[in-house]
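A.B. asks: For reference, the structure I am asking about is given below.
The values are calculated or read from the model by the stated rules, or taken from the named source; none is laboratory data. All values reported here derive from a predicted model rather than from experimental measurement. Cβ coordinates were reconstructed from backbone atoms using ideal geometry, including for glycine residues, and neighbour counts include every protein chain displayed. Heads up: the accessible areas ignore ligands, DNA and RNA and are worked out on the full protein's heavy atoms, side chains in. Shrake-Rupley method; radii C 1.70, N 1.55, O 1.52, S 1.80 Å.
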Amino acid sequence: MLERFATGASTYAPSIDHLILLIAVIVGFWLIVAEIALFWLMARFRRRDGHAPQYVTGEEKHLTKWVTIPHFLVIACDLVIIVPAILVWMNVKQTLPPAQETVRVFSQQWAWSFQQPGPDGILDTADDIRTVGELHVKENTVYHFELRSRDVLHSFSVPVFRLKQDAVPGRTIVGWFKATRTGTFDIQCTQMCGMGHGLMAGRIVVETPQQHAAWMKRVSSPALAASVAPSSDTAADNSKIAEVSR
Amino acid sequence: MSTTARSIANLRSVTGIPTARLVTWWVIASEIFIFGGLLASYVMHRLAHPEWGIAASHTNTAAGATNTFVLLTSSLFAVLAHKAADAHDGPKAAKFLRLTALGGLVFLTIKGLEWTHEIREGFVLASGGFWSFYYTVAGLHALHVLAGLIIMLVFAVDVAKNENLPRVQCIGLYWHFVDIIWIFLFPLLYIAK
Amino acid sequence: MTTPATGAHAHAGSHGHEPGHHETSFFHKYLWSTDHKMIAMQYLFTGAALALIGGYLAYVFRMQLAFPGHVVPGYGLVTPNRYNSLVTIHGSIMIFWVAMPVLVAAFGNFLIPLMIGCDDMVFPRINRLSYQIFLLSALILLSSFLVKGGAFGGAWTSYPPLSAKGIYNLSPLGSTLWLVAVALEFVAFLLGGLNFIVTTMNGRAPGMRMWDIPVVVWMIVIASVLFMASVGPLIAGAIMLLFDQRLGTGFFDPGRGGDPLLWQHLFWFFGHPEVYVVLLPALGIVAEIITVFARKKLFGYRTILYTTWATGVLSFVVWAHHQFIAGIDPRMANVFTITTLLISVPITEMIFVYIATLYGGSIQFTTPMLWALSFIAEFLIGGVTGIFLGASGADIYFHDTYFVVAHFHYTFFPSAIIGMFAGLTFWYPKMFGRMLNETLGKIHFWGTIIAFNMIFLPLFITGAAGDQRRIYDYALFPEQMRPELQHLRQLSTVGVMILMTFQVFFLVNFFWSLKHGKRAGENPWLSNTLEWTVPSPPPHGNFAELPTVYRGPYEYATPGRKEDYWPQNAPITPLEEGAL
Ligand code: HEA
Ligand code: HEA
Ligand code: CUA
Ligand SMILES: [Cu+2]
């Protein structure tokens, strides 16, 4: 259902979408039942001449079932929602599949920056690729991200991945994703982080392994690296921030 | 204001508990949640930071212990004041109330000396996690002691004239509560090192 | 002598004010009064004024969202900084300075002594102090718009480190003023709550047992207890945050041994019960209204109380559903998903009981009844969308999107605005002695309800499409720049304009009827509860003769009686005894 509003592009996006659909069906059913009951009673028992109201306390044996039956049905429905909700949650947040690649995500007022291994495939070496505002990843690869913040809370959100995680200063929070579709997608900051919160945009570029290799080669050649690092997007943002600050 | 606005509602007592005492209990309940939140925050941090023990070792356990003793004694006076009020002996109750207040004053004096010393040594509110909690929690408690002893002295004026005797019990309840809070603070701030 | 406090004496009911006899100055009558009804009016009018301000702020930022970068008529240009302040202060005002004062304080003050049959609160002067602190807090909040750096913009949740340091939020003064204002507001409501709780426990009329207390009184008292029990830790948190801001401590600074998540726990441990603090009084108001206009006994009075208590208790163990992805231990989310979904059980029962109450009734669609019924219809939407958010797996996507915004406006708007209008139109005759105009009332009703849905239904969709909250302009997010989404945002803003326009009908009706409305008499709705047995408006001291209660509040259409209502204080005549 959610696909209609927002593309899905990670392995767990469909499971989250299904969960949402399941909830929509269950609570949608109840919502309709309740609203119909409400409007039907309103129409049926509107004031008419010659119809006196009835005296019902609601504590009569044969009437309490109108409360006890929904009571148990709702508990049952809750269970039907709780179980898949927790399963999805564990899959996305609790149990991480082994990493094929690892990237570091840094958040600060008000920009995203990324650090990933260069051609040697190892983090924290001289050839690490550092980018601002733009993250390049390979399709169909399990990525672990290590999320950090340099100042206040931020939240790393990639709607097409159905991924969202707050960044907390002083902690490194590890999460994962595996993209299933190539393209360029939004990175949002979804935690209020001050004046530039609405400007804290980034882009995630999902590439085929070939494209990714080509990109890596391009940015790793020392001559070019300097010009790539602050991505064009973010440079524009910064000037915009300066312009709008009061 | 010439009239004391006592409503009829104030004179009723459907629960059987006099209104003044009932409200004292509710005040205490709401205070428990404030101190509870503060202490729970402190304990969580303390467990996560074993190194705070070093800071805690600079606190003056002897002063803390003396203060515990002082407060407990003053609580005893509060009980005696309540007894006297029950026996409709206003002047005696007022005397014990003043003694209780004196206990509070001694407590605050010791506290003041203790803090002066610590501040001289350079341990101030912003000196680190432990000290922030130390001054905040104990400071909030000290404010309660101060408020309690002022109220007590005000009440004592009427009580000495045999008026408003039931108030003695209410302020006594409050005083015991302040005392009990200290019983929690003392080990948490001074003994755990 | 000349203070209104004299009204607290029992004699007042019979002769009230003879002109010249009691030389009561304006100041003493309206500003320094200890009369619970006057304090209720103070809360009501202050809350209403702030509702208009909160609504105006919403208008300004919604205009910015619909037409980004354009000058907003009646405001000016919305910069990112100002946008944040507008949203933050809108949220804070609506919850703390509108919903609470109107639903809890105004109705609580007006109704509790009247409904339980006594002359005033147990502590009238503490009651007056409560309002004064509240007023001070409101003024402090509003003044923060004027200080250097502007009003606080770090969201109504005020998460540190952003809220703790001026270098981060760029409004060091504003953030401290916000915190002080909120803390004072808490103190005001603690004092008010003490009065509500103790008055209801101790001040009831003879004969009024626990089960004879009208539901709205129960709800306000339970809300006060919830508030008291949840706000304590946040008061402690506010002290810590204030010290972090002003005295250089590091309670929430991870660099210095603090923990920013601690604030979130303290805030939401309060914040979740708080939403029920707002919901419960509204539910109580609705209960009073549907029984009167359906001429029906409440379907299972005790069921309502049990489910309310259950909701109250459960509301203390669900708070972390606001923090699923905040960096807490992911295993905790599982526990909180379960508790959150379970809280839907008592609330479902309560709502079903309300719906079932209509069965067998004789429903009159007066303005208050329309408001009450629409409360149920709209709250259902807000409630069921909460389930999406409570399911942790789904909340990963929905968290901090407009879906959440739509969810909580579908719960808050029915409580704070619909509930307020329901209560106000219902008790207006009692408060002011005149009837409101029904035609104007119905125009206002339909205009407001349709516009309300027009504002917030589209926001479910933009939220599902990924619109994140607290964004002043989506220009940098290509996926959110789809034209359809912009159209929905504009639709929503048009809704705001319609809604604001229709409030004129209400204001006109309100002030016109004060002078020209039909005289109400004691009991225009033929209702059972005690407030309808005294003149409208009730005199100081309320009851000429303090009532005795013989039965529960919802004896409508009792078999064997000529009238279809049976006031709580009507003694059983020998004749009736035979008939029963
Ligand atoms: C009066 C206010 C109010 C009320 C009553 C509620 C009621 C509920 N709320 Fe809501 N909520 C808010 C105000 C309110 N909320 C606010 C202000 C926020 C955002 C704060 C912020 O971040 O700024 C919020 C946010 C919020 C979140 C966090 C979202 C996020 O930030 O990611 C969650 C998550 O669990 C949640 C859940 C619920 C649930 C489960 C209920 C339940 O109580 C609802 C129960 C009712 C029903 C379920 C309807 C009736 C039942 C049926 C028709 C039967 C069918 C149902 C089933 C089968 C389950 N709410
Ligand atoms: C009770 C709570 C309440 C109420 C009623 C409202 C009412 C409205 N809200 Fe608000 N809102 C919040 C609580 C509330 N809100 C909160 C808590 C937030 C989160 C803040 C944050 O993120 O920090 C929020 C955020 C919020 C946002 C999200 C902003 C963002 O994230 O960027 C939006 C966007 O559209 C919005 C819109 C509106 C609109 C259009 C109304 C309209 O319905 C307003 C219409 C109201 C009126 C026009 C006033 C009517 C009253 C009278 C006429 C007075 C009556 C007179 C007497 C009683 C005598 N609100
Ligand atoms: Cu970073 Cu919002
Ligand atoms: Cu909640």
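A.B. asks: Taking only the C-alpha atoms, wrap a convex hull around region B:5-85 and report its volume per residue in Å³ as a whole number. Walk me through the numbers before you get to the answer.
C.D. replies: On the way: hull volume 12.6 nm³, N = 81.
Looking at region B:5-85, the number lands at 155 Å³ per residue.
A.B. asks: Continuing with this model, one more query. Specify, per residue and in Å³, the volume enclosed by the convex hull of the alpha carbon atoms belonging to region C:240-343.
C.D. replies: 118 Å³
A.B. asks: Averaging sequence separations of C-alpha pairs under 8 Å and six or more residues apart, then dividing by the length of chain A, give the relative contact order as a whole percent.
C.D. replies: The value is 20 percent.
A.B. asks: Using only the Cα atoms of region A:165-223, construct the convex hull and provide its projected area averaged over every direction, in square nanometres to one decimal. Present the calculation step by step, with values, prior to reporting the outcome.
C.D. replies: Values: hull surface 25.0 nm².
Mean projected area for region A:165-223: 6.2 nm², to one decimal.
A.B. asks: Please return the longest stretch of chain C lacking exposed loop sites, where trypsin sites (Lys or Arg not before Pro) count only if DSSP places them in a loop and at most 16 other Cβ atoms lie within 10 Å.
C.D. replies: Details: sites that count: C:Lys148, C:Arg209, C:Lys518, C:Arg561, C:Lys562.
The segment C:210-517 is the longest one with no such site.
A.B. asks: So if I place +1 on the C-beta of Lys and Arg and -1 on the C-beta of Asp and Glu, and nothing else carries charge, what would the dipole magnitude of the protein assembly as shown be about its Cα centre? I want it in debye, nearest 20. Before the final figure, lay out the partial values.
C.D. replies: On the way: 66 positive and 62 negative charges, 215 e Å.
Dipole size: approximately 1040 debye.
A.B. asks: Okay, next question. Taking Rh as the Kirkwood radius computed over C-alpha pairs, what is the Stokes-Einstein D of region A:33-117 at 10 °C in a medium of viscosity 1.306 mPa s, expressed in µm² per second?
C.D. replies: The estimated diffusion coefficient comes to 81 µm²/s.
A.B. asks: Tell me, what is the per residue accessible area of the protein assembly as shown in Å², probe radius 1.4 Å?
C.D. replies: Values: 37160 Å² over 1019 residues.
Averaged over the residues of the protein assembly as shown, the accessible area is 36 Å².
A.B. asks: Run the simple label-point estimate for B:Glu51 and C:His70 please: 7 Å along Cα→C-beta, distance reported in nm.
C.D. replies: Those two pseudo-labels are separated by 5.7 nm.
A.B. asks: Can you pull the mean other chain C-beta count within 10 Å for peptide B:171-179?
C.D. replies: Across B:171-179, the average partner-chain Cβ count within 10 Å equals 0.
A.B. asks: First check a/c for region C:199-246, with a ≥ b ≥ c the square roots of the eigenvalues of its C-alpha gyration tensor; if it is under 1.5, answer rounded, and if not, answer prolate when a/b is larger than b/c or oblate otherwise.
C.D. replies: Here region C:199-246 falls in the prolate category.
A.B. asks: Under the Kirkwood approximation applied to all pairs of distinct alpha-carbon atoms, what is the hydrodynamic radius of region C:59-151 in Å? Could the numbers behind the result be given before it?
C.D. replies: Numbers: mean 1/r = 0.0632 Å⁻¹.
Value: 15.8 Å, from the Cα pair sum.
A.B. asks: Given A:Val137, C:Ala326, C:Trp446, which one lies farthest toward the positive end of the charge dipole of the protein assembly as shown, if we put +1 on the Cβ of every Lys and Arg and -1 on the Cβ of every Asp and Glu?
C.D. replies: C:Trp446
A.B. asks: How big is region B:100-151 along each principal axis, measuring the range of its Cα positions in Å and listing the largest first?
C.D. replies: The principal-axis extents, from largest down, are 34, 17, 11 Å.
A.B. asks: Find out how many positive minus negative residues lie around B:Ala156, taking Lys and Arg as positive, Asp and Glu as negative, among other residues whose Cβ is under 15 Å from that of B:Ala156.
C.D. replies: The answer is +2.
A.B. asks: Using only alpha carbon pairs under 8 Å that are at least six residues apart, calculate the relative contact order of region C:482-580 and give it in whole percent. Before the final figure, lay out the partial values.
C.D. replies: Numbers: 64 pairs, mean separation 20.0, N = 99.
Answer for region C:482-580 is 20 percent.
A.B. asks: Moving to a separate point now. Provide the convex hull volume over Cα atoms per residue for region A:144-199, in Å³.
C.D. replies: Working: hull volume 4.4 nm³, N = 56.
So the per-residue Cα hull volume is 78 Å³.
A.B. asks: Counting only GluC sites (Glu not before Pro) that sit in a DSSP loop (anything but H, G, I, E, B) with at most 16 other Cβ atoms within 10 Å, what is the longest stretch of chain A containing none of them?
C.D. replies: The answer is A:61-246.
A.B. asks: Could you tell me the extents of region A:108-218's C-alpha atoms along the three principal axes, largest first, rounded to whole Å?
C.D. replies: 39, 30, 22
A.B. asks: Just to be sure I understand: if you take the accessible area of chain A alone plus chain C alone and subtract the pair, with a 1.4 Å probe, what total do you get in Å², rounded to 100?
C.D. replies: On the way: alone 15030 and 23060 Å², together 30190 Å².
Using a 1.4 Å probe, the pair buries roughly 7900 Å².
A.B. asks: Let me know the mean shielding of C:358-371 by other chains, meaning the per-residue number of their Cβ atoms within 10 Å of its Cβ.
C.D. replies: Whole-number average of other-chain Cβ neighbours for C:358-371 is 4.
A.B. asks: Same structure again: Which of rounded, prolate or oblate describes chain B when judged by the alpha-carbon gyration tensor and an a/c cut-off of 1.5?
C.D. replies: On the way: a/c = 2.68, a/b = 1.90, b/c = 1.42.
Note, shape of chain B comes out prolate.
A.B. asks: On to the next question. Just need log10 I(q)/I(0) for region B:15-57 at q = 0.17, 0.20, 0.28 Å⁻¹, Debye formula, equal scatterers on the alpha-carbon atoms, no solvent, rounded to two decimals.
C.D. replies: One equal scatterer on each Cα of region B:15-57 leads to -0.60, -0.68, -0.90.
A.B. asks: A follow-up question, please. Counting only protein heavy atoms and rolling a 1.4 Å probe, how much accessible area do B and C lose on contact, total for both sides, in Å² to 100?
C.D. replies: Values: alone 10530 and 23060 Å², together 30030 Å².
Adding both sides of the contact gives about 3600 Å².
A.B. asks: Partner chain Cβ atoms within 10 Å, averaged over the residues of A:151-157 - can you pull that number for me?
C.D. replies: Partner Cβ neighbours, averaged per residue: 6.
A.B. asks: Taking springs between alpha-carbon atoms closer than 10 angstrom, which of B:Ile119, B:Ile180, B:Ile171 fluctuates most in the Gaussian network model of chain B?
C.D. replies: Ranking B:Ile119, B:Ile180, B:Ile171 by mean-square fluctuation puts B:Ile119 first.
A.B. asks: Kindly provide the pair-distance distribution of chain C built from C-alpha pairs, with 10 Å bins from 0 and whole-percent values in order of increasing distance.
C.D. replies: 3, 17, 28, 27, 16, 7, 2, 0
A.B. asks: If you don't mind, another one. Please work out the C-alpha center-to-center distance from region C:290-351 to region A:194-224 and express it in whole Å.
C.D. replies: A separation of 46 Å, based on Cα centres.
A.B. asks: Right, next: Any chance you could list the semi-axes, whole Å, largest first, of the equivalent ellipsoid that the Cα gyration tensor gives for region C:33-187, using √(5λ)?
C.D. replies: After scaling each eigenvalue by five and taking roots: 33, 18, 11 Å.
A.B. asks: Using only alpha-carbon positions, what ratio does the radius of gyration of chain A give when scaled by 2.2 N^0.38 Å?
C.D. replies: 1.45
A.B. asks: Could you compute Rg(Cα) / (2.2 N^0.38 Å) for region C:136-177, with N its residue count?
C.D. replies: Dividing the Cα radius of gyration by 2.2 N^0.38 Å gives 1.06.
A.B. asks: Classify region C:352-509 as rounded, prolate or oblate from the Cα gyration tensor: take a ≥ b ≥ c as the square roots of its eigenvalues, call it rounded if a/c is under 1.5, otherwise prolate when a/b beats b/c and oblate if not.
C.D. replies: Judged from the Cα gyration tensor, region C:352-509 comes out oblate (a/c at least 1.5, b/c at or above a/b).
A.B. asks: Given the C-alpha centroids of region C:438-461 and region C:385-408, what is the distance between them in whole angstrom?
C.D. replies: 23 Å
A.B. asks: For every other residue with a beta carbon closer than 12 angstrom to the beta carbon of C:Gly237, add +1 if it is Lys or Arg and -1 if Asp or Glu, then tell me the sum.
C.D. replies: Charge balance in the 12 Å sphere: -2.
A.B. asks: Could you tell me which residue out of C:Ala406, C:Ile417, C:Ile396 lies farthest along the dipole of region C:391-469 toward its positive end? Charges go on the beta carbon: Lys and Arg +1, Asp and Glu -1, centred on the Cα centre.
C.D. replies: C:Ile417
A.B. asks: How many angstrom lie between the Cα centre of region B:57-113 and the Cα centre of region A:1-24?
C.D. replies: 65 Å
A.B. asks: Within chain C, which is the longest segment containing none of the GluC sites (Glu not before Pro) that sit in a DSSP loop and have at most 16 other Cβ atoms within 10 Å?
C.D. replies: C:24-521
A.B. asks: Turning to a different aspect of this structure: Averaging over all projection directions, find the projected area of the Cα convex hull of region C:163-284 and quote it in nm² with one decimal place.
C.D. replies: On the way: hull surface 34.0 nm².
That works out to 8.5 nm², a quarter of the Cα hull's surface.
A.B. asks: For the pair C:Phe45 and A:Val33, how long in nm is the line joining their label points, each one 7 Å along Cα→Cβ?
C.D. replies: The modelled label-to-label distance comes out at 4.9 nm.
A.B. asks: While we're looking at this one, here's another question. Over region C:292-351, what is the mean sequence separation of C-alpha contacts under 8 Å (at least six apart), divided by residue count, expressed as relative contact order in percent? Before the final figure, lay out the partial values.
C.D. replies: Numbers: 32 pairs, mean separation 27.7, N = 60.
For region C:292-351, the relative contact order is 46 percent.
A.B. asks: From the C-alpha gyration tensor of the protein assembly as shown, pull out the three semi-axes of the equivalent ellipsoid (sqrt of 5λ each), sorted largest to smallest, in whole Å.
C.D. replies: Sorted largest first and rounded, they come to 50, 39, 25 Å.
A.B. asks: Further question on the same structure: What spacing in nm lies between the two simple spin-label points modelled at A:Thr125 and B:Ile150, each 7 Å away from Cα in the Cβ direction?
C.D. replies: Placing both labels 7 Å along Cα→Cβ, they lie 6.9 nm apart.
A.B. asks: Say the dipole of chain C comes from +1 at the beta carbon of Lys and Arg and -1 at that of Asp and Glu; which of C:Tyr472, C:Met219, C:Leu146 then lies farthest toward its positive end?
C.D. replies: After comparing all options, I get C:Leu146.
A.B. asks: Roll a 1.4 angstrom probe over the protein heavy atoms and tell me the percent of accessible area of chain C that is carbon or sulfur.
C.D. replies: On chain C, the fraction of accessible area on carbon and sulfur atoms equals 71 percent.
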